[in-house]
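Novice: Structure provided below as structure tokens; questions to follow.
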Amino acid sequence: MRVLVAPDCFGGTLTAREAAEAIATGWRRTAPADELLLRPLADGGPGFVEVLHGALGGDIHEARVTGPLGQTVTARWLAHDGTAYIESAQACGLHLTDRRDPETSTTYGVGELIAAARAAGMTTAVVGLGGSGTTDGGAGMIRALGGHVTDDTGSPIGPGGTDLKRAADVLLPDAGIALVAASDVENPLLGRHGAAHTFGPQKGADEHAVERLEAGLARWADVLKGAGQDVRDRPGAGAAGGLGAGLLALGAEFTSGSALVRTLTKLDEALDQARLAITGEGSFDWQSLRGKLITAVAAGAAERGVPCLVLAGQVSVGRREAGAVGIEQSYAVADHAGSVAAAMADPAGTLAALAAEVAGEWSRANGR
């Protein structure tokens with residue numbers, strides 16, 4: 001039997017490629033005769049560059065850029081056929097610092113990566129959004145590309161989202177390269193579903209910090225509107241702590257990260273060949289049902305009458321809700337390992353062990 005293995009990354013423990021290999025390792029223990037097609041996936045967040053490099057080839061470039069708290073970090077981007085694929089999390093990701101501080105963290109390094117791609121002769125930069133530790137509305141990126149954000153005295157404001165409340169004027173630069181923002185987050189910049197309220201807490205913001213960030217982003221929206229770029233209510237403006245808003249203000253096209261990766265990795269061609277699809281991520285929860293990669297794989301499988309299974313670190317989606325998006329069964333590594341701690345202690349090993357058990361269960365249920 002031909003089995004498609006197409007997971008996303010597992011929340012800071014396994015890259016998509018590592019997760020696919022772990023699932024394949026476990027599956028082969030129980031069903032060695034099965035042919036496995038590995039298609040690791042990403043929706044614009046962590047793993048975006050690695051996944052596309054594996055699918056497209058191309059050249060990996062490294063750049064020393066400004067990290068979220070001003071430290072220097074090494075970030076990788078992919079050059080392929082005149083297009084640069086940039087993973088914003090490599091410059092401003094939550095994983096790059098032990099101190100979570102969305103009030104002062106910056107997207108400056110993302111702008112430096114775009115500038116590096118432009119200097120290398122790329123004509124388009126596709127910026128994957130996700131996994132950021134920032135909430136600065138993309139102001140840092142704009143400054144790195146030659147723009148200016150100043151207060152009412154004409155002085156530059158500080159980095160981060162909270163100081164945006166002092167913004168009075170912005171000079172938007174010409175990026176000098178066509179921009180595409182790739183994300184499956186369609187949150188607006190402001191409000192209950194906006195960047196501060198939805199994503200601020202996971203980046204370390206308490207309720208008071210969330211309100212300060214909201215005030216800063218509201219002021220930022222006014223300043224961008226004054227510069228002729230009203231992005232306040234545009235879908236995706238709240239992605240990556242408002243980095244989506246900054247990209248939109250620079251004229252970026254907004255696109256679905258999972259749809260882009262689905263096309264570039266030739267996921268549909270792999271689904272055409274498969275009799276079973278397996279996908280997964282760190283946490284299979286309600287957000288997974290809102291157009292993320294798991295639903296892309298499940299939808300593609302359902303179109304072909306191919307059953308789809310989910311192997312995830314944790315599962316909080318009910319069987320009925322999962323079934324509604326085309327998922328036949330979902331399994332949690334934490335349940336199989338006995339606890340979240342046990343799963344986290346050996347993420348690849350416990351995922352492989354779960355895959356081995358699921359392969360046996362699937363074989364028995366289908367008379368193999």
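Novice: Of the accessible area of the chain, with the probe set at 1.4 angstrom, what percent is carbon plus sulfur?
Specialist: Values: 6870 of 14660 Å².
Of all accessible area on the chain, carbon and sulfur atoms account for 47 percent.
Novice: Which FRET efficiency value, to the nearest 0.05, is calculated for S155 and R275 with the Förster distance at 51 angstrom and r the Cβ-Cβ distance? It would help to have the intermediate numbers written out before the result.
Specialist: Values: r = 64 Å, r/R0 = 1.25.
Given R0 = 51 Å and the Cβ-Cβ separation, E is 0.20.
Novice: Moving on. For the chain, divide the Cα radius of gyration by the Kirkwood radius and give the resulting Rg/Rh value with two decimals.
Specialist: Details: Rg = 20.9 Å, Rh = 20.9 Å.
Answer for the chain: 1.00.
Novice: Further, regarding this structure: Please report Rg (one decimal) and Dmax (integer) in Å for the Cα set of the stretch 10-121.
Specialist: 16.6, 53
Novice: Sort out for me the Cα centre separation of the stretch 215-256 from the stretch 283-339, rounded to whole Å.
Specialist: Result: 32 Å between the Cα centres.
Novice: I've got another one for you. Size of the dipole of the stretch 286-344 about the Cα centre, Lys and Arg at +1 and Asp and Glu at -1 on the beta carbon, nothing else charged, in debye to 20? All intermediate terms of the calculation are to be shown ahead of the outcome.
Specialist: Working: 5 positive and 4 negative charges, 26 e Å.
Dipole of the stretch 286-344, to the nearest 20 debye: 120 debye.
Novice: Here's another thing I want to ask about it. Quick one: putting +1 on the C-beta of Lys and Arg, -1 on the C-beta of Asp and Glu, what dipole do you get for the stretch 215-335 around its Cα centre, in Debye to the nearest 20? Could you put the intermediate results ahead of the total?
Specialist: On the way: 12 positive and 13 negative charges, 34 e Å.
About 160 debye.
Novice: Just the Cα atoms of the stretch 66-120, one point each, no solvent: what log10 I(q)/I(0) does Debye give at q = 0.26 Å⁻¹?
Specialist: Per q value, in the given order, log10 I(q)/I(0) is -0.97.
Novice: Which value in deg cm²/dmol, rounded to the nearest 500, describes the helix-derived mean residue ellipticity at 222 nm for the chain, given -39,500 (n - 2.57) per DSSP H run of n ≥ 4 and division by the residue count?
Specialist: On the way: 14 runs with 139 residues, N = 368.
Value at 222 nm, helices only, nearest 500: -11000 deg cm²/dmol.
Novice: Search the structure for amide H atoms under 5 Å from the amide H of S132, placed 1.01 Å from N in the peptide plane, and list their residues when 5 or more places away or on another chain.
Specialist: For S132, the qualifying residues are L94.
Novice: Let me ask something else about it. Suppose every K and R has +1 on its Cβ and every D and E has -1 on its Cβ; what is the size of the dipole of the chain about the Cα centre, in Debye to the nearest 20? Display every interim value, and only then the final one.
Specialist: On the way: 30 positive and 43 negative charges, 95 e Å.
About 460 debye.
Novice: Along the principal axes of its C-alpha atoms, what lengths does the stretch 38-95 span, in descending order and rounded to whole Å?
Specialist: The Cα atoms of the stretch 38-95 stretch 35, 22, 14 Å along their principal axes.
Novice: State the extension gain, in nm to one decimal, for the chain segment bounded by A178 and D81, taking 0.36 nm per residue of separation less the distance between their alpha-carbons. Let's see the in-between values first.
Specialist: Values: separation 97, 0.36 × 97 = 34.92 nm, distance 1.40 nm.
Residue separation times 0.36 nm, minus the Cα-Cα distance, leaves 33.5 nm.
Novice: Now for a different question. Could you sort out which of K165/K292; K165/K203; K203/K225 sit more than 31 Å apart by Cα distance in this structure? Walk me through the numbers on the way to the answer.
Specialist: Values: K165/K292 33 Å; K165/K203 19 Å; K203/K225 27 Å.
From K165/K292; K165/K203; K203/K225, over 31 Å: K165/K292.
Novice: What is the extension gain from K266 to D346, computed as 0.36 nm multiplied by their sequence separation minus the C-alpha to C-alpha distance, in nm to one decimal? It would help to have the intermediate numbers written out before the result.
Specialist: Values: separation 80, 0.36 × 80 = 28.80 nm, distance 3.08 nm.
That works out to 25.7 nm of additional length.
Novice: Taking the chain as a Gaussian network, where each spring joins two C-alpha atoms under 10 Å apart, which residue of L56, L14, L311 fluctuates the most?
Specialist: For the chain, modelled as a Gaussian network with Cα springs under 10 Å, the answer is L56.
Novice: Starting from the 7 Å offset along Cα-to-Cβ, what nm value, one decimal, do you get for the label separation of Q314 and K225?
Specialist: 3.8
Novice: Now for a different question. Across the stretch 143-160, in residue order, what do the Karplus-derived ³J(HN,Hα) couplings come to in whole Hz, using 6.51 cos²θ - 1.76 cosθ + 1.60 with θ = phi - 60° and x for Gly and Pro?
Specialist: Working through the residues one at a time gives 5, 5, 8, x, x, 9, 10, 10, 8, 6, 9, x, 8, x, 7, x, x, x Hz.
Novice: List the residues, sorted by chain then number, that are 5 or more residues from G67 or on another chain and whose placed amide H is less than 5 Å from its amide H.
Specialist: T72, V73
Novice: Of G109, G146, A299, whose Cα points farthest to the positive end of the dipole of the chain (charges on the beta-carbon: +1 Lys, Arg; -1 Asp, Glu; origin at the Cα centre)?
Specialist: Selected residue: A299.
Novice: Let me ask something additional. In whole Hz, what ³J(HN,Hα) sequence does the stretch 2-17 give by Karplus (6.51, -1.76, 1.60; θ = phi - 60°), x for Gly and Pro?
Specialist: My calculation for the stretch 2-17 gives 9, 10, 8, 10, 9, x, 8, 5, 10, x, x, 10, 9, 5, 4, 5 Hz in order.
Novice: Taking every pair of alpha-carbon atoms in the stretch 211-351, what share in percent sits in each 10 Å bin, from 0 to the bin with the longest distance?
Specialist: Whole-percent P(r) values from 0 Å outward: 11, 29, 26, 22, 11, 1.
Novice: Now, a different point. Debye calculation, C-alpha points only, no solvent: report log10 I(q)/I(0) for the stretch 273-368 at q = 0.16, 0.17, 0.24, 0.25 Å⁻¹, in the same order as the q values.
Specialist: For the stretch 273-368 at q = 0.16, 0.17, 0.24, 0.25 Å⁻¹, log10 I(q)/I(0) is -0.65, -0.73, -1.26, -1.31.
Novice: Taking every alpha carbon pair in the stretch 135-287, what does the distance histogram look like in 10 angstrom bins from 0, in percent?
Specialist: 11, 37, 29, 14, 7, 2, 0
Novice: With every protein chain left in place, what is the accessible area per residue of the stretch 204-261 in square angstrom, probe 1.4 Å?
Specialist: On the way: 2180 Å² over 58 residues.
Roughly 38 Å² per residue, with all protein chains present.
Novice: So what are the ³J(HN,Hα) numbers for the stretch 116-130, from phi and the Karplus equation (6.51, -1.76, 1.60; θ = phi - 60°), rounded to whole Hz, Gly and Pro as x?
Specialist: After applying 6.51 cos²θ - 1.76 cosθ + 1.60, I find 5, 5, 4, 5, 7, x, 5, 9, 9, 10, 9, 9, x, 10, x Hz.
Novice: Ranked highest first by the average count of other Cβ atoms within 10 Å around their residues, in what order do 336-344, 280-288, 47-55 fall? Walk me through the numbers on the way to the answer.
Specialist: Details: 336-344: 15.3, 280-288: 21.3, 47-55: 23.1.
Those peptides, ordered most packed to least, come out 47-55, 280-288, 336-344.
Novice: Compute the label zone of L56 within the stretch 262-296: residues whose backbone N is under 13 Å from the point 7 Å along Cα-to-Cβ.
Specialist: Under cut-off, by backbone N: 262-266.
Novice: What shape does the stretch 225-283 have by the C-alpha gyration tensor, where a ≥ b ≥ c are the square roots of the eigenvalues, rounded means a/c under 1.5, and otherwise prolate means a/b greater than b/c and oblate the rest?
Specialist: Details: a/c = 4.89, a/b = 2.62, b/c = 1.87.
Because a/c hits 1.5 or more and a/b exceeds b/c, the stretch 225-283 counts as prolate.
Novice: The stretch 128-202: which trypsin sites (Lys or Arg not before Pro) are DSSP loop and have at most 12 other beta-carbon atoms within 10 angstrom? All intermediate terms of the calculation are to be shown ahead of the outcome.
Specialist: Details: sites: R143, K165, R166, R192; in loops: R192.
Hits after loop and neighbour filter: R192.
Novice: For the stretch 4-149, with every protein chain kept in place, what is the accessible area per residue (1.4 Å probe, Å²)? Each step should come with its number before you reach the end.
Specialist: On the way: 5040 Å² over 146 residues.
Per residue, the stretch 4-149 has 35 Å² of solvent-accessible surface.
Novice: Okay, next question. Specify the angular offset, from 0 to 90 degrees and rounded to the nearest 10, of the alpha carbon long axis of helix 207-226 from the longest principal axis of the alpha carbons in the chain.
Specialist: Compared with the principal axis, the helix lies near 60 degrees.
The values are calculated or read from the model by the stated rules, or taken from the named source; none is laboratory data. This structure is a prediction, so every number in the text was calculated from the model and none was measured. As a convention, Cβ positions derive from the backbone with ideal geometry for all residues, glycine included, and neighbour counts pool all protein chains shown. Each accessible area value is taken on the protein alone, full model and side chains, heavy atoms only, with ligands, DNA and RNA left out. Shrake-Rupley method; radii C 1.70, N 1.55, O 1.52, S 1.80 Å.
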